[in-house]
Every structure is written in structure tokens, then in C-alpha cells.
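Each remark here refers to the structure printed beneath this line.
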Amino acid sequence: MNKKKIVVLTGAGISAESGIKTFRDSDGLWEEYRVEEVATYDAWLRNQELVLEFYNKRRRQLATVEPNAAHKALARLEEKFDVQIVTQNVDDLHERGGSTKILHIHGELVKVRSTGDENLVYNVGYKDVNKGDLCEKGFQLRPNIVWFGEAVPLIERAAELVMEADIMLVIGTSMVVYPAAGLIHYTPSHCKKYLIDPNSTPTRGISNLEVIAEKAGTAVPRLVDELLASN
Ligand code: NAD
């Protein structure tokens, strides 16, 4: 028998209990930086050193944190379900938590790409990347991150995946960063939806939805146990 499909949309909140800050929870600052200074294409044009240093710090931090109970519980769901993670996060905590199908719609910290040929993508792990570090064709390397204001090329693939979901979990996202926030509207009518976030997020017009206003580290393992027991 075909396994039921679960699509899990995650945002910065799922990694908060691992020690990676969401920026919406910290007065508009992201790890002491203004987002416009470090995570936009304009910022890159203005000051490449500052942008590269910001992402170097994020990579160094990533090397020191661990997946939490929520990341690990999602990996357990694969015992009985066909699970697809669609994450807005740029960390690698889903991978390290054991999930196997992960679409990073906002890019990945552990990768960089050429500014002259976007198909040249390199794995850098947790290493620093500096001004003067070039791709094999001689162009400066940039973080492989979708900055604010840039197109989100994987959003169509994400929407296709959501259209096939029997169950959708939305975890730790404020539902205000578009286009990701619109994905829940692509679910088929039979799809049961769960929203896990301790703070209220806009849910108007979403049917068949259960809101669990709790932290991911507590609520996700419990929900995973319930889903595994009911299938
Ligand atoms: P967001 O818009 O997804 O908002 C964070 C949400 O997490 C909030 O709604 C908050 O209530 C919730 N939250 C906080 N603690 C939680 C917990 N313990 N359990 C469950 N939910 C919790 O994310 P953002 O911080 O506004 O970031 C927007 C974008 O910036 C992201 O989509 C991502 O591209 C990038 N970002 C990535 C990371 C990461 O990779 N870990 C961290 C910060 C920002």
C-alpha cells in the first residue's frame, strides 16, 4: 500500500531551541545585524565583506549547535509515512536530525555559488568564505542563500509537493515571509493541517486546521507519536 504523504513546512522557529535565533523574535535584529545590512542583494552590492562575515559567523555557529527533539521526531515519521520537508531554514539541522527528503527553498548555509555562473555551487561545510575566494571560472563566491527581495526558484516545486499532501505540518514560521507563507493554500481539500507555533500566526481562510500553540521541541514529538500510532 502506498504510504500517506506528509509535507512539513518549517521556519526559523523549529531551530530556535537548538540555539539559532529567529530574527522576528529579536526586535527586528538578526544576531545583532539589521536584515537589510546583510541579507539583501543591495547589501551585497554595498559591502561584500560585511555580508560574507555575517554568513561566516552563521556557519561557525551552525558547527556548534545540534538538532533538537523536533528535528529528530520528524525523521521518525519516515517509519510509516512518505515525508517531504520543505524548509525556509538555511541551517542543516533537518539533515543532521535524520530526515532524508529536504527541499531548502531559501538556500543553504553550507553551500556557496559563483556570482558569474549560478550553476557552479560548492559545498563549503562550516568553513569561512572571504572576498577574493573565486569559483573555477574566476568569479567571486557568494552565499547560496535566497536573500530578501530575490526570486525563490524552488517555490513551484514546493507548491507541487504541497498539492499532493494528505497531511501538512507547519512548524515555527510566522507565515509572513512570502511566497513560502502562501504554500498552505495549495493543499488539497482532504488534507489535514497542523500549525505548531507558540505565537499566533495568520490562519484566516485555512480549513481543516488544528493550531497547537506550543514550542516545537515539545509539540512535534507528541504529534509525531500520535500520527505514528494512528496510521
Ligand atoms: P519566521 O518568519 O519563520 O518566524 C519565526 C517563528 O518561529 C515565529 O512565528 C515564532 O513564533 C516561532 N517560534 C519561535 N520559537 C519557537 C519554538 N521554540 N517552536 C516553534 N516555533 C517557534 O522566521 P524568521 O525568523 O522571521 O525568518 C525568516 C527567514 O529568515 C526564514 O524563513 C529563513 O530564510 C531565515 N532564517 C533562517 C534561520 C535558520 O536557518 N535557522 C534562522 C533565522 C532566519
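Which is at positive phi and among the hydrophobic types (A, V, I, L, M, F, W, C), of Met175, Met168, Met163?
Working: Met168 fails: at positive phi; Met163 fails: at positive phi.
Testing whether each residue is at positive phi and among the hydrophobic types (A, V, I, L, M, F, W, C) leaves just Met175.
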**Message:** If I go through segment 198-219 residue by residue, how many of them are in contact with a Leu (Cβ under 7 Å, 6 or more places away or on another chain) and near the ligand (Cβ under 8 Å from one of its atoms)?
**Reply:** 1
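Only strands (runs of 3 or more DSSP E) wholly contained in segment 58-119 count here; list those with 1 or more residues that are outside the structural domain of Val38 (by TED's automatic domain parsing), surrounded by 21 or more Cβ atoms within 10 Å (Cβ to Cβ) and away from the ligand (no atom under 12 Å from the Cβ). First the steps, then the outcome.
Working: elements: 82-87, 102-104, 107-114.
Strands (runs of 3 or more DSSP E) meeting the threshold: 82-87.
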**Message:** Kindly evaluate Ala229 against the criterion of being exposed (fewer than 14 other Cβ atoms within 10 Å of the Cβ) and either outside the structural domain of Gly13 (by TED's automatic domain parsing) or under 18 Å from Lys72 (Cα atoms) (or both).
**Reply:** yes
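Which of the residues belonging to segment 108-158 are of a type in the set (Phe, Trp, Tyr) and farther than 19 Å from Gln48 by Cβ? Lay out the reasoning, then the answer.
Start the filter on segment 108-158 by keeping residues that are of a type in the set (Phe, Trp, Tyr), which leaves 122, 126, 139, 147-148.
Selection gives Tyr126 alone.
The values are calculated or read from the model by the stated rules, or taken from the named source; none is laboratory data. Computed from a predicted structure; not experimentally measured. For neighbour counting, all protein chains shown are included, and Cβ atoms are generated from backbone atoms with ideal geometry for every residue, glycine included.
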